[in-house]
Amino acid sequence: MQYRPFGKTGVNISTLGFGCMRLPEIQQEDGSFVVDQEKTDEMLRRAYDLGVNYFDTALFYCHSNSEIAVGKALKPIRDKVYISTKCPLERVKEPADFRKTLEESLRKLDTDYVDFYHFWGINQKAFDEKIVPMGLIEEAKKLKEEGLIRHISFSFHDKPEALKHIIDNAPEMETVLLQYNLLDRANEEMIQYAAAKGVGVVVMGPVGGGRLAAPTELVKKLGSEGLNTYELALRFVLGNPGVCCALSGMQTIDMVEKNAVVASLETPMTEKEWREVGENLEKLQKFSELYCTGCAYCQPCPKGINIPKIFQAYTYLNVYGLKDLAKNTYQGYLKDEKNPGVTSDACVNCGFCERKCPQHLKVRELLKKVEGVLGSL
Ligand code: SF4
Ligand code: SF4
């Protein structure tokens, strides 16, 4: 296992982290779920034996049972590992709720302290309108002084410029957990920025949330024959020198062992190889007929058409050759239970999207074409 300095925290973490959001579960007769503790113990201990020292959970993972299972599995080796968990801001109605939420996690984890306590899944709005005015960073600092948390962290879901905003305005934030993989490189530049500022970077979804776990044509397209797709994906993420750790939501011992092999490579990818893969990805995108960067400047469409989402589904097919992923993404969009996707049938030709698109895409024409292809998969 390789280890990297985790920003300025003074901690060295393993380049493979265990994401405990998909632990094996058993459904009870009453329909509720419990985590399969025996399998979890085996997997987490195997990961530890292979050198993994970073374990990431959250209050609500695995039907809110992940923290309990992780706490039990890691109890005998608590002082040898780093535990990361997260505070859901919807729980925080007043500053004191931040502490209460941590205390709940400590009870569930059966530990006296959390190594990395995250503001969970924040964006610029949550930062500007809740964390700052409510004084939650001050609350986190108090918890740190009391030893209940060792480091202040955040997990992030927003545009890259929002990441810069948070890092620049909250020097107390020591580590960030963000999305980055072969299919989504939006945060690439900001990873370098965070690293330069001494903020430790952990990547969630290094194999695209499992989308790159199975063999695909992508490896061939990127000129990396001889590697499995998951291996290329993991090597690519760890090939970025700004990344400290790739968090994988492993579900079997086999996955743990395979990922650990990649994370044990001294050089998962040379700088030259890493640049080449990046360049090849860009070429694949740029020479495709639809080069949508996913910037979302075309949003909000007044009729609610999620243009970036529809184009993303098409990009999976057209650029990466990932037919099943394209189909599932488009169908998932159309059939979303809470918010069923709107198609171009609703378009009223206002032209807003085309005026805003920095790629000068003929959005309306492309939507029709793309939906035709996606609908027939
Ligand atoms: S032109 Fe159609 S797709 Fe574009 S913003 Fe207007 S309604 Fe939405
Ligand atoms: S503005 Fe253009 S490039 Fe950006 S998401 Fe919309 S269609 Fe894609």
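The values are calculated or read from the model by the stated rules, or taken from the named source; none is laboratory data. Just so it is clear, the model here is predicted, and its values are computed rather than measured. Note: ideal-geometry Cβ built from the backbone for every residue, glycine included; neighbour counts use all protein chains shown.
Take the conditions among the β-branched types (V, I, T) and in contact (Cβ under 8 Å) with a residue 60 or more places away in the chain and apply them to V207. Does it pass?
Working: among the β-branched types (V, I, T): yes; in contact (Cβ under 8 Å) with a residue 60 or more places away in the chain: no.
For V207, the condition - among the β-branched types (V, I, T) and in contact (Cβ under 8 Å) with a residue 60 or more places away in the chain - is not met.
Confirm whether T329 is free of Cβ contacts under 8 Å to residues at least 60 places away in the same chain, within 16 Å of ligand 2 (Cβ to nearest atom), touching a Lys or Arg at 6+ places or on another chain (Cβ under 9 Å) and under 27 Å from F236 (Cβ atoms).
Values: free of Cβ contacts under 8 Å to residues at least 60 places away in the same chain: yes; within 16 Å of ligand 2 (Cβ to nearest atom): yes; touching a Lys or Arg at 6+ places or on another chain (Cβ under 9 Å): yes; under 27 Å from F236 (Cβ atoms): yes.
So T329 passes the test.
Within the range 75-86, track down each residue that is without any contact (Cβ under 8 Å) to a residue 40 or more places away in the chain and under 15 Å from R150 (Cβ atoms).
The first filter runs over the range 75-86 and keeps only residues without any contact (Cβ under 8 Å) to a residue 40 or more places away in the chain, leaving 75-81, 83, 85.
Passing the criteria: R78, D79, K80, V81, I83, T85.
Among the residues that make up the range 329-346, is at least one of them within 24 Å of G208 (Cβ to Cβ) and within 12 Å of ligand 1 (Cβ to nearest atom)?
no
Please tell me if C350 is within 16 Å of ligand 1 (Cβ to nearest atom), surrounded by 14 or more Cβ atoms within 10 Å (Cβ to Cβ) and not assigned by TED's automatic domain parsing to the domain that holds P160.
Working: within 16 Å of ligand 1 (Cβ to nearest atom): yes; surrounded by 14 or more Cβ atoms within 10 Å (Cβ to Cβ): no; not assigned by TED's automatic domain parsing to the domain that holds P160: yes.
In short, no.
Between residues in the range 251-266 that are β-branched (V, I, T) and residues that are outside any helix (DSSP H, G or I), which pairs lie under 6 Å by C-beta distance while being six or more apart or on different chains?
Once the first residue is β-branched (V, I, T) and sits in the range 251-266, its partners that are outside any helix (DSSP H, G or I) give V256/M250.
Go over the candidates Q27, Q2 one by one and state the one that is at pLDDT below 95 and either surrounded by fewer than 16 Cβ atoms within 10 Å (Cβ to Cβ) or touching a Ser or Thr at 6+ places or on another chain (Cβ under 9 Å) (or both).
Working: Q2 fails: at pLDDT below 95.
Only one candidate qualifies: Q27.
Pairs, please: C-beta under 7 Å, at least 6 apart or cross-chain, first residue within 6 Å of ligand 2 (Cβ to nearest atom) and in the range 357-370, second assigned to a helix (DSSP H, G or I)?
Close Cβ pairs satisfying both conditions: C357/V363; V363/I307; V363/C353; V363/E354.
When you go through (1) of a type outside the set (S, T, N, Q); (2) within 16 Å of ligand 1 (Cβ to nearest atom); (3) on the phi > 0 side of the Ramachandran plot one by one for G321, which number turns out not to apply?
(2)
Just the residues that are in a helix (DSSP H, G or I) and either farther than 25 Å from R22 by Cα or among the polar types (S, T, N, Q) (or both), please, taken from the range 229-278.
Taking the range 229-278 and keeping what is in a helix (DSSP H, G or I), we get 229-239, 253-263, 271-278.
Correct list: T229, G239, N259, E271, K272, E273, W274, R275, E276, V277, G278.
Which members of the range 290-311 meet the condition of being assigned to a loop (DSSP other than H, G, I, E, B), within 13 Å of ligand 2 (Cβ to nearest atom) and free of Cβ contacts under 8 Å to residues at least 60 places away in the same chain?
So in the range 290-311, the residues assigned to a loop (DSSP other than H, G, I, E, B) come out as 290-306.
After this cut, where a residue has to be within 13 Å of ligand 2 (Cβ to nearest atom) as well, the list is 290-301, 305-306.
Passing the criteria: Q299, P300, C301, N306.
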